Amino acid sequence: MSEDPEPERNISGGAAGGGEAAVFDAGEAETRAEAVVDRLGDLYWQKAYGGRDAFECLVRTILSQNTSDKASQPAHDALMDRYGPGGEANPDRDLVDALADADQQRLAETISSAGLYNQKSERIVALAGRVREEYGGEAAFDEFVRTGDPDEVRAALLDFNGVGPKTADCVLLFAGGRGGVFPVDTHVHRIARRMGLAPADADHEGVREHLERDVPAEKCGFGHTAMIQFGRDYCSARKPDCLDDPDACPLADLCDQVGFEPLTGEVVDPSEAAEAD
């Protein structure tokens with residue numbers, strides 16, 4: 001296995017977050033979306049994901065909702081230090097049991113760096129209780145996520161209060177190691193529409209459907225994480241690098257530049273550009 005180039009302090013956790021560095025033969029891309037993902041793989045990393053504990057992954061993704069990795073990572077670390085196996089509040093139980101029985105206010109204090117901590121703590125305690133009731137505990141839930149029918153697993157996750165499509169897909173990808181899953185966060189939603197990989201007015205589910213259709217299953221995982229990194233490095237919401245220098249973007253030749261005009265510096269959401277047309 002080659003050295004893992006993905007930073008540990010991000011959504012998927014690099015080498016510490018499950019999965020491993022892998023090499024996929026680029027060959028001749030059959031779609032522009034596949035060509036974009038191949039370029040991102042060359043620019044950042046190619047990985048095969050899976051292996052994270054499913055319930056911890058679910059909790060980690062909930063903590064990341066409506067906040068940055070920089071804010072949610074310390075909350076996750078503090079939660080695991082207190083409620084994880086061997087933690088202060090959990091000397092001999094699994095994470096599901098510890099959080100199902102947790103004092104909600106104490107949990108809220110523990111995860112306060114993640115923002116919306118009262119709402120998230122209530123949600124996590126309720127989720128832990130439901131997982132314990134319906135699956136019996138952490139191990140059985142993990143087995144369900146890894147081996148259950150993907151559509152059934154996704155439907156079950158979406159039935160949990162506070163779990164949306166992106167959260168469900170992240171659990172399927174990072175814990176279940178499922179191919180063909182391309183979670184759509186704000187970066188992916190913006191970039192796919194800017195580049196013309198999905199309709200300018202597509203919602204998050206519409207973008208997911210286009211990407212999962214046009215990107216080979218084994219490339220969807222690293223396509224997701226690398227596209228997020230690309231959004232942070234080059235294609236920000238308000239000022240993509242190509243506005244200052246058309247040659248600054250490594251994906252410029254594959255981009256339709258929907259929603260902004262390099263000559264004037266105007267940047268709008270792609271859906272607004274579609275309405276104008």
note = If one builds a Gaussian network model of the chain from Cα atoms under 10 Å apart, the most fluctuating residue listed among GLY176, GLY223, GLY231 is GLY231
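Net charge near SER113: determine it from the other residues with C-beta under 10 Å of the C-beta of SER113, scoring Lys and Arg +1 and Asp and Glu -1. Don't jump to the answer; show the numbers that get you there.
On the way: positive: LYS70; negative: ASP77.
Around SER113, the surrounding residues sum to 0.
Determine, from the Cβ-Cβ distance of ASP159 and ALA252 and an R0 of 51 Å, the FRET efficiency 1/(1 + (r/R0)^6), rounded to the nearest 0.05.
Numbers: r = 42 Å, r/R0 = 0.82.
The computed FRET efficiency comes out at 0.75.
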note = HN-Hα couplings for region 61-73 via Karplus (6.51, -1.76, 1.60; θ = phi - 60°), in whole Hz with x for Gly/Pro, come out as 6, 4, 4, 7, 5, 6, 7, 8, 4, 4, 8, 7, 4
note = Cβ-Cβ cut-off under 9 Å around LEU254, Lys and Arg +1, Asp and Glu -1: the net charge is 0
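Any chance you could run the full-extension gain for ALA140 through THR31? It's 0.36 nm times the residue separation minus the Cα-Cα distance, nm to one decimal. Before the final figure, lay out each step's value.
Numbers: separation 109, 0.36 × 109 = 39.24 nm, distance 3.86 nm.
Roughly 35.4 nm would be gained on extension.
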message = List residues of region 172-194, by number, whose backbone nitrogen lies under 13 Å from a label position 7 Å along Cα→C-beta of GLU272.
response = none
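I need the calculated FRET efficiency for the pair THR186 and LEU43, taking r as the beta carbon distance and R₀ as 22 Å, to the nearest 0.05.
Details: r = 20 Å, r/R0 = 0.91.
Efficiency for this residue pair is about 0.65.
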message = I'd like the Karplus ³J(HN,Hα) series for region 182-191: coefficients 6.51, -1.76, 1.60, θ = phi - 60°, whole numbers in Hz, and an x wherever there's a Gly or Pro.
response = 10, x, 10, 9, 5, 5, 4, 4, 5, 5
task = Return the loop-located trypsin sites (Lys or Arg not before Pro) in region 166-253 (DSSP other than H, G, I, E, B) with at most 13 other Cβ atoms within 10 Å of their own Cβ; answer none if there are none.
result = ARG238
message = 5 Å is the cut-off here: which amide hydrogens, built 1.01 Å from N in the peptide plane, fall below it relative to GLN257, excluding neighbours closer than 5 in sequence?
response = none
ask   = Which net charge results when you count Lys and Arg as +1 and Asp and Glu as -1 among the other residues whose beta-carbon is under 15 Å from that of GLY206?
value = -3
J(HN,Hα) series, region 45-52, from Karplus relation 6.51 cos²θ - 1.76 cosθ + 1.60, nearest Hz, glycine and proline x = 7, 10, 9, 10, 9, x, x, 6
ask   = In whole Å, how far is the Cα centre of region 48-77 from that of region 132-179?
value = 14
ask   = Using a basic spin-label model with each label point 7 Å from the Cα along Cα→Cβ, how many nm lie between GLN105 and ASP245?
value = 5.5
message = Under a crude label model (7 Å from the Cα following the beta-carbon direction), how far is VAL23 from ASN118 in nanometres?
response = 5.4
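Given 0.36 nm per residue, what is the gain on full extension from GLU88 to ASP233 after removing their alpha carbon distance, in nm?
Details: separation 145, 0.36 × 145 = 52.20 nm, distance 3.81 nm.
In short, 48.4 nm is gained.
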key: Under 20 Å from LYS70, Cα to Cα: aspartates and glutamates that are on another chain or at least 8 residues apart   = GLU6, GLU8, GLU56, ASP81, GLU109, ASP185, ASP233
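Rule-based calculations on the coordinates, nothing more; no lab input. Remember, it's a predicted structure, so these values are computed and weren't measured experimentally. Neighbour counts are summed over all protein chains in view; Cβ atoms, including those assigned to glycine, are modelled from backbone coordinates with ideal geometry.
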